[in-house]
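Asker: If you scroll down you'll find the structure; I have some questions about it.
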Amino acid sequence: MRAYRLIAGMWMRSTLTYRASFALAVCGGVLVTGLDFVSILLMFSRVDVLGGYSLAEVAFLYGLSATSFGIADLAIGSAGRLGTRVRDGTLDTLLVRPAPVLAQVAADRFALRRVARITQGALVLGWALVASDIVWTPVKVLMVPGMLVCGGMIFAAVFVVGAAFQFVAQDASEVQNAFTYGGQTLLQYPPTVFGKELVRGVTFMLPLAFVNWVPAAYVLGRPYPLGGVPGWAAFAPPLVAVVCCAAAGLAWRTGLRSYRSTGS
């Protein structure tokens, strides 16, 4: 963490040297990422419900997904460029430094402007919490920040696994994006609009559903549209996040041990 903090801090100081440019980049990022939610608003201009979910309930799913992904993208999104370092051999320079390679890869070119996605997602989530007809209890109140933390950990694990895969397939950044950015887009919509096989896949195989679908079903008072999922699964995101991070760590160590440089 010390190495990560030092490297990320260096890039943050570099970014904040030009404060006006940074502010414009964040504002522009909020507007660009907000177009995703605009498309949802356009859908609801023609329908009252989407898959049985109201606009406020879909906004709740959207806010959880966007904010959780934004946290992971800010913290470790730079790992997606690992394939470029493997191809040009610059990963070798990280191996000889007295710091963990993952910390260096994650903090490399730390892009503080990515707070735009977190800001935009948090704004939508805040509106959804006010507009949704949720019967709040102390447990549900605590679950909301818990979902954001656990969701960020699950997305971060997917980023690390995708980076580890690039040790083997160097041009796999788009494959990784299919599961990170694609997964985030998938979770913006209710699970009821997708086929059962897809919902089963992101619940039991790649557990992205525990970012928001499964716990949000409990918060919203809705049944999860998939048989075989017990009620206590709504409280399983912390366990799922820990398992995902452990699996990601194993995948990273395996990929790093298999690295043999470029050979040039």
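Asker: Stretched out fully, how many nm does the piece from MET1 to ALA131 gain, at 0.36 nm a residue minus the Cα gap?
Answerer: Result for the pair: 42.9 nm of gain on full extension.
Asker: Determine by what factor the alpha-carbon radius of gyration of the stretch 44-200 differs from 2.2 N^0.38 Å, reporting the quotient.
Answerer: That ratio works out to 1.21.
Asker: Could you order the peptides 60-67, 27-34 from most to least packed, using the average number of other C-beta atoms within 10 Å per residue?
Answerer: Highest to lowest by the protection proxy: 60-67, 27-34.
Asker: Output needed: percent of Cα pairs per 10 Å distance bin for the stretch 192-232, bins running from 0 to the one holding the longest distance.
Answerer: Spelled out per bin, shortest first, that is 30, 63, 6.
Asker: Something else: What list of ³J(HN,Hα) values in whole Hz, one per residue of the stretch 251-262 in order, does the Karplus curve 6.51 cos²θ - 1.76 cosθ + 1.60 (θ = phi - 60°) give from phi, with Gly and Pro shown as x?
Answerer: Rounded to whole hertz, the list is 5, 5, 5, 5, x, 5, 5, 7, 5, 10, 6, 8.
Asker: ALA23 to TYR181: FRET efficiency via 1/(1 + (r/R0)^6), r the Cβ-Cβ distance, R0 30 Å, to the nearest 0.05?
Answerer: Efficiency computed from Cβ-Cβ geometry: 0.75.
Asker: Moving on to the next point. Rounded, prolate or oblate: which fits the stretch 196-264, taking a ≥ b ≥ c as square roots of the Cα gyration tensor eigenvalues, rounded meaning a/c under 1.5, else prolate when a/b beats b/c?
Answerer: Judged from the Cα gyration tensor, the stretch 196-264 comes out prolate (a/c at least 1.5, a/b above b/c).
Asker: Per residue of the stretch 15-25, in order, report the coupling 6.51 cos²θ - 1.76 cosθ + 1.60 (Karplus, θ = phi - 60°) as ³J(HN,Hα) in whole Hz, putting x for Gly and Pro.
Answerer: These are the phi-based 3J(HN,Hα) values: 5, 6, 4, 10, 5, 5, 4, 5, 4, 5, 5 Hz.
Asker: I've got another one for you. Quick one: TRP136, TRP213, fewest Cβ neighbours within 10 Å first, how do they rank?
Answerer: Arranged by neighbour count, lowest to highest, TRP136, TRP213 become TRP136, TRP213.
Asker: Still on this model: For the stretch 170-221, place one equal point scatterer on every Cα, skip the solvent, and apply the Debye formula. What is log10 of I(q)/I(0) at q = 0.13, 0.24, 0.26, 0.30 Å⁻¹?
Answerer: Debye intensities relative to I(0), on a log10 scale: -0.33, -0.94, -1.05, -1.24.
Asker: Also, I was wondering about something else. Run the quick spin-label model on LEU42 and ARG109: label points 7 Å from Cα toward the beta carbon, then report their separation in nm to one decimal.
Answerer: So the label points at LEU42 and ARG109 sit 3.0 nm apart.
Asker: Something else now. Using 0.36 nm per residue of separation minus the Cα-Cα distance, give me the extension gain between LEU35 and VAL168 in nm, one decimal.
Answerer: Length gained, LEU35 through VAL168: 44.4 nm.
Asker: Ranking request for peptides 143-154, 236-247: highest mean number of other beta-carbon atoms within 10 Å first, then the rest in descending order.
Answerer: Those peptides, ordered most packed to least, come out 143-154, 236-247.
Asker: A further question on this structure: Alpha carbon centre of the stretch 1-59 versus the stretch 177-214: separation in Å?
Answerer: 20 Å
Asker: Separation of the stretch 74-122 and the stretch 138-152 by C-alpha centroid, Å?
Answerer: Centre-to-centre distance over Cα atoms comes out at 27 Å.
Asker: Would you mind computing Rg(Cα) / (2.2 N^0.38 Å) for the chain, counting N as its residues?
Answerer: 1.05
Values in this text are rule-based calculations from the coordinates and carry no lab data. Values in this document were obtained by computation on a predicted structure and should not be read as measured data. Every residue, glycine among them, receives a Cβ derived from its backbone with ideal geometry; neighbour counts consider all protein chains shown.
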